[in-house]
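The next block holds one structure in the form of structure tokens; read it before the comments.
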């Protein structure tokens, strides 16, 4: 038996517009980023003094290419979710908010497309 | 929006508790790291482009400003990672008592600085 009022059922999720999906996805990507970002920093430490060929060889190794793809995608996803909350918290004009929320997504897709294109080009 | 109404309470009348400071810093470091994704993309594209483009990245990274920016990102990531783990602990209901939250907050600040200095020193050979 549902304890929700008829009004609540009609209005769905109300002014929140969404349920716990955002919260859950933010946490899930956070958990994934713990090992991925440690891997990323340790890897970069190995490349500080490395020349161009060593950097190429690093990303040509399938394991590193795959981990870099996972890192970039998870990072950008976690980032859009986080920046979205920042925008929703501080921007109160509806027009500006919608514009920034859109730009937030566009930014992530653009950085993601460029990064993945680069990784594929190096690794394949 | 209607006419601006007074905000209450004003930020400047607060004594800044550790929990508030770590919360705001978590957000600030998150925004900084978001900007850093552009540099990550630049690094990847440089490797894909060729030795000249990669040399440019290395020159920029080795410049004084480059080193400051790199240290800034290392610390931001260290803080966001450690404080993020603190948040995940809260999410499963651990460490909510105020004295505990203050202690873990101080711990995160200290550890993030130590970790950042350690990583930077490892990468740039300042350590023995």
Could you count how many residues in segment B:114-128 are modelled with pLDDT of 90 or more and more than 8 Å from every other protein chain (Cβ to nearest Cβ)? 7
Which one is nearest to the chain's Cα centre (by Cα) among residues in segment A:110-124 that are more than 7 Å from chain B (Cβ to nearest Cβ) and surrounded by 17 or more Cβ atoms within 10 Å (Cβ to Cβ)? A:112
When you scan segment B:42-64, do you find a residue that is within 15 Å of the chain's Cα centre (by Cα), under 21 Å from residue A:41 (Cα atoms), surrounded by 13 or more Cβ atoms within 10 Å (Cβ to Cβ) and within 13 Å of another protein chain (Cβ to nearest Cβ), even just one? no
If you check residue A:82 against the conditions, is it free of Cβ contacts under 8 Å to residues at least 60 places away in the same chain, in a loop (DSSP other than H, G, I, E, B) and farther than 24 Å from residue B:50 by Cβ? no
Filter segment B:92-121 down to the residues that are farther than 17 Å from residue B:20 by Cα and out of contact with any helix residue (DSSP H, G or I) (no Cβ under 6 Å at 6 or more places or on another chain) and list them by number. B:92, B:93, B:94, B:113, B:114, B:117, B:118, B:121
Index of the failed condition, residue B:89 passing every other in (1) closer than 25 Å to residue A:29 by Cβ; (2) outside any loop (DSSP other than H, G, I, E, B); (3) at pLDDT below 95: (3)
For residue A:48, indicate whether it is at pLDDT below 95 and within 9 Å of chain B (Cβ to nearest Cβ). yes
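Yes/no matrix, rows are residues, columns are (1) within 10 Å of another protein chain (Cβ to nearest Cβ); (2) at pLDDT 95 or above; (3) out of contact with any helix residue (DSSP H, G or I) (no Cβ under 9 Å at 6 or more places or on another chain); (4) surrounded by fewer than 18 Cβ atoms within 10 Å (Cβ to Cβ):
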site	(1), (2), (3), (4)
A:30	yes, yes, no, no
A:63	no, yes, yes, yes
A:78	yes, yes, no, no
A:95	no, yes, yes, yes
A:101	no, yes, no, yes
A:106	no, yes, yes, yes
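The values are calculated or read from the model by the stated rules, or taken from the named source; none is laboratory data. As the structure is a computational prediction, the values presented were derived from the model and not from experiment. Quick reminder, even Gly has a Cβ in these numbers, built from the backbone with ideal geometry, and neighbours come from all protein chains shown.
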